[in-house]
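The values are calculated or read from the model by the stated rules, or taken from the named source; none is laboratory data. What you are looking at is a predicted structure, and each value in this text was computed from that prediction instead of being measured. Here Cβ is always computed from backbone atoms with ideal geometry, including for glycine, and neighbour counts include all displayed protein chains.
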Amino acid sequence: MAEDWYVNSQIFIVPYFVVIFGAKAQEIGFDDVLQITGDCLFPGWFSAFFVPFIHRNNAIVVAPNYRFVPEHSGADILEDLRDFWTWFNKGSVSDFLASHKKGSGIELDHEKILVSGDSAGGYMALMSGLTQPRGSIKAILGEYPMTNYLRIEQNDTYFDTPSPPESELAEHLSTIKPGTIVSSAWPPARLSLNYLLAAYGHYLTYFGADEKMWPIGLIEEKKWLPPTWIFHGDADSAVSVEDSKKFVERCKALNKDVEVKLEIRAGQEHGFITPVKEDEEPWLKEGLAWVEGKWLHS
């Protein structure tokens, strides 16, 4: 595109969490976000299928950052999520666009909101669907989302690198400066913290143990979710596919009218979708068509 929009709300965080809404305009706004590490502008986790998906639907993307564990807690992250939606629902994106010459003619359709995210960004997308007023979010696209807290089996390697010893967590914690906000890191910085927190059983120590801070627990209370499509590789060594299975099963058991679809891809690891193009995979093309129908035509 000759004229791209980058709406960067550096207020909040994980692999990416994006809010997408229809726009009666030619320009399309992009932003990407990433949990323990990442940033909304990091291109490495912006899936190949996503750009044409946004283009053809003439949509604008808003991608917020949010605070990281272990410097901050799950309660902090959810506070950031609430703050983001308060900011968003006040019409702040329209105000931002109106303040710029090239954005003055853009009309936003706030009735057509899609929330998407992968990994921990998928967590933020699902929690948005569970915490925002019913009907305000038309659909959710979740890519191997975290529906429960992170658990990883101890192993000699972690994503083809030697697994860090537990002592490295204490070393990292000793560097934390009270009051410092950590909501951005350019990978591979901090990637070892995923393993240190999850493999050695420390994740809940810093995130918090309240089950309702996770989609698998909150769905018990809400018993409703916007139409949702989740895809997940069955060889995922970071976020277990079993968590997605249990979440979808629980959704359907609690409310037969909840529309939640799960696509399991054989032999695929965490992050497998990043280089995949829609026209190369019929299952992806079919799933995105379903999402578009719920997002734009329901």
Selected residue [out of contact with any Lys or Arg (no Cβ under 7 Å at 6 or more places or on another chain), at pLDDT below 95 and not β-branched (Val, Ile, Thr)] from Ser237, Ser183, Ser163, Ser244
Ser237
Kindly indicate the residue of the stretch 129-169 that is acidic (Asp, Glu) and in a loop (DSSP other than H, G, I, E, B) and also nearest to Ala238 (Cα to Cα) among those meeting that condition.
Glu153
Among the residues of the stretch 18-25, is there at least one that is buried (at least 18 other Cβ atoms within 10 Å of the Cβ) and at pLDDT 90 or above?
no
Just wondering, is there one or more residues in the stretch 107-117 that are within 20 Å of Ala238 (Cα to Cα), among the polar types (S, T, N, Q) and out of contact with any Pro (no Cβ under 8 Å at 6 or more places or on another chain)?
yes
Any residue at all in the stretch 170-178 that's under 25 Å from the mean Cα position of the chain (by Cα), modelled with pLDDT under 95 and not aliphatic (A, V, I, L, M)?
no
Take the residues in the stretch 79-128 that are outside any helix (DSSP H, G or I) and β-branched (Val, Ile, Thr); name whichever of them is modelled with the lowest pLDDT.
Ile106
List the helices (runs of 4 or more DSSP H) inside the stretch 170-258, counting only whole elements, that have at least 3 residues being touching a Ser or Thr at 6+ places or on another chain (Cβ under 9 Å) and more than 30 Å from Lys285 (Cα to Cα).
191-199
In the stretch 59-90, the residues that are closer than 18 Å to Gly135 by Cα and among the hydroxyl-bearing types (Ser, Thr, Tyr):
Thr86
Return only the number of the condition from (1) under 30 Å from Leu169 (Cα atoms); (2) touching a helix residue (DSSP H, G or I) at 6+ places or on another chain (Cβ under 8 Å) that Ile230 does not satisfy.
(1)
Which of the following residues is in a loop (DSSP other than H, G, I, E, B), exposed (fewer than 15 other Cβ atoms within 10 Å of the Cβ) and of a type in the set (Gly, Ala, Ser): Gly293, Gly271, Gly267?
Gly267
